[in-house]
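What follows is a single structure, written as structure tokens, with notes after it.
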Amino acid sequence: MGHFSSMFNGLARPFLIRREKNSPGNSDGRDAAAAMAKEAKKNDLILRSSGCVNVDGSNNFVSVFSKRGQKGFNQDCAIVWEEFGCQADMLFCGIFDGHGQWGHYVAKKVRESMPSFLLCYWQEALASLGPDIDLGSDKKNQGFNIWKHAYTMTCAAVDQELQHCRKIDSFFSGTTASTIVRQGELIYVANVGDSRTVLATTSDDGSLVPVQLTIDFKPNLPREIERITQCQGRVYCMDDEPGVHRVWLPDEESPGLAMSRAFGDYCIKDYGLISVPEVTHRHITSRDQFVVLATDGVWDVVSNQEAIEIVSSIPDRAKAAKHLVKCAVHAWKKKRGIAMDDISAICLFFHSSPSSQSQLVSSAAAGKL
């Protein structure tokens, strides 16, 4: 009971949401979350560029790197927020892969909106329980239900806000979002689109093995194609792209989206595309070493096993994400005739390293996200 009670008391005061008049999508809740983000940025707790985060007293070590591809603007972006929501044991990180003419703006908009919405809906769910709730043995499941509800509401609110944003034309543009909240020894993973999160864990024989924590939401997955066709959308591959399934309007050869879930892309939202996240959770053990969140610029050319081996081979954790991206670039160069995609990765290490020092490095030379 103490853990949830302390979380409630720590959050209820700064948010002060009056449920009968205000929703988390506006007014006090968003303002409080924005103030938290501003304070966190001032205290070097938020990273939005290539670099690394290792806050004093935290077991987390996060490495981030992004490289522009050969298709124009870098439409990938990322965020890491230590002490998420002013909670010492919480961290939020997410990676976003935009597409379409306005994709880079859409990705950054979702990156900025999602953390504050998530804090608001999470706090509202806690407030509905009350400060004296005793979850007993059901605390783990109740905690997951709270986060799942918060994420589901957040994604709906973010997509609605994006649709009404006059500065960004997201009718034919959108973004993926693969995010994690670490809360103590629990991680909550939410995914929209085809970016991917992979865990590296130690097997019984001592080898490092990958566990894919998310589903790549491609249009040809059985439940995805069923929903799309029921909504009169179409799914098929182009003649020059065998194996690449895309979503099309009922009567037009457009937009040809290679994923079944995304923020934005309102041209196809009535025909089966959704922004509903898949939310899962996992208890971190001593065997679990790190997770890799990356855009499909990595996963199109690097397998899950290869990715964790690449990351684990680097003694300097600060260079882990950069090394993974570098290896992906090398793999792309072998695919002749295909323009390299934007490539971005976040490596979140769960356990502190004896050699690590407290630092937050944001390097413009490493490449802005």
*Give me a count of the residues in segment 247-260 that are touching a residue at least 60 places away in the same chain (Cβ under 8 Å), in contact with a strand residue (DSSP E or B) (Cβ under 6 Å, 6 or more places away or on another chain) and surrounded by 20 or more Cβ atoms within 10 Å (Cβ to Cβ).*
1
*Within segment 95-121, can you find the residues that are within 15 Å of the chain's Cα centre (by Cα) and open to solvent by 10 Å² or more (accessible area, probe 1.4 Å)?*
ASP97, LYS108, LYS109, ARG111, GLU112, SER116
*In this structure, is ILE187 touching a Cys at 6+ places or on another chain (Cβ under 8 Å), assigned to a strand (DSSP E or B), open to solvent by less than 10 Å² (accessible area, probe 1.4 Å) and at pLDDT 95 or above?*
no
*asked:* Cβ-Cβ under 9 Å, sequence separation 6+ or interchain: first residue in segment 196-221 and more than 28 Å from MET238 (Cα to Cα), partner open to solvent by 40 Å² or more (accessible area, probe 1.4 Å) and of a type in the set (Gly, Ala, Ser). Which pairs?
replied: ALA200/SER312; THR202/SER286; LEU208/SER312; PRO210/SER303
*What tally of residues in segment 238-278 results from selecting those that are in contact with a Gly (Cβ under 7 Å, 6 or more places away or on another chain) and either charged (D, E, K, R) or closer than 14 Å to LEU162 by Cβ (or both)?*
6
*asked:* Go through segment 261-294 and report how many residues are closer than 11 Å to LEU199 by Cα, β-branched (Val, Ile, Thr) and open to solvent by 40 Å² or more (accessible area, probe 1.4 Å).
replied: 0
*Taking GLU224 as the residue in question, decide whether it is under 21 Å from ASP97 (Cα atoms) and of a type in the set (Asp, Glu).*
yes
*Please specify each residue of segment 58-90 satisfying the condition of being free of Cβ contacts under 8 Å to residues at least 60 places away in the same chain and either surrounded by 19 or more Cβ atoms within 10 Å (Cβ to Cβ) or closer than 21 Å to PHE350 by Cα (or both).*
ILE79, TRP81, GLU82, GLU83, ALA88
*Filter result (open to solvent by less than 40 Å² (accessible area, probe 1.4 Å) and in contact with a Pro (Cβ under 9 Å, 6 or more places away or on another chain)) within segment 190-230*: ALA190, ASN191, VAL192, VAL198, LEU199, ALA200, THR201, ILE228
*Could you tell me which residue of segment 304-316 is most open to solvent (accessible area, probe 1.4 Å), considering only residues that are touching a helix residue (DSSP H, G or I) at 6+ places or on another chain (Cβ under 9 Å) and assigned to a helix (DSSP H, G or I)?*
GLU306
*When you look at VAL301, is it assigned to a loop (DSSP other than H, G, I, E, B) and within 23 Å of the chain's Cα centre (by Cα), yes or no?*
yes
*Only residues in segment 299-310 that are under 19 Å from ASP194 (Cβ atoms) count as the first member; pair them with residues that are open to solvent by 60 Å² or more (accessible area, probe 1.4 Å) and modelled with pLDDT of 95 or more, Cβ under 7 angstrom, at least 6 apart or cross-chain, and list the lot.*
ASN304/GLN212
*strands (runs of 3 or more DSSP E) completely within segment 211-263 that count 2 or more residues being within 26 Å of ARG111 (Cβ to Cβ)*: 245-248, 255-257
*Could you please find all residues in segment 24-55 being at pLDDT 90 or above and on the phi > 0 side of the Ramachandran plot?*
GLY51
*asked:* Criterion first (over 22 Å from ASP159 (Cβ atoms), at pLDDT 95 or above, touching an Asp or Glu at 6+ places or on another chain (Cβ under 6 Å) and not charged (D, E, K, R)) does SER66 satisfy it?
replied: yes
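The values are calculated or read from the model by the stated rules, or taken from the named source; none is laboratory data. Treat the numbers as computed from the prediction; the structure is a model and nothing was measured. Every residue, glycine among them, receives a Cβ derived from its backbone with ideal geometry; neighbour counts consider all protein chains shown. SASA here: full protein model, heavy atoms, side chains in, ligands and nucleic acids out. Shrake-Rupley method; radii C 1.70, N 1.55, O 1.52, S 1.80 Å.
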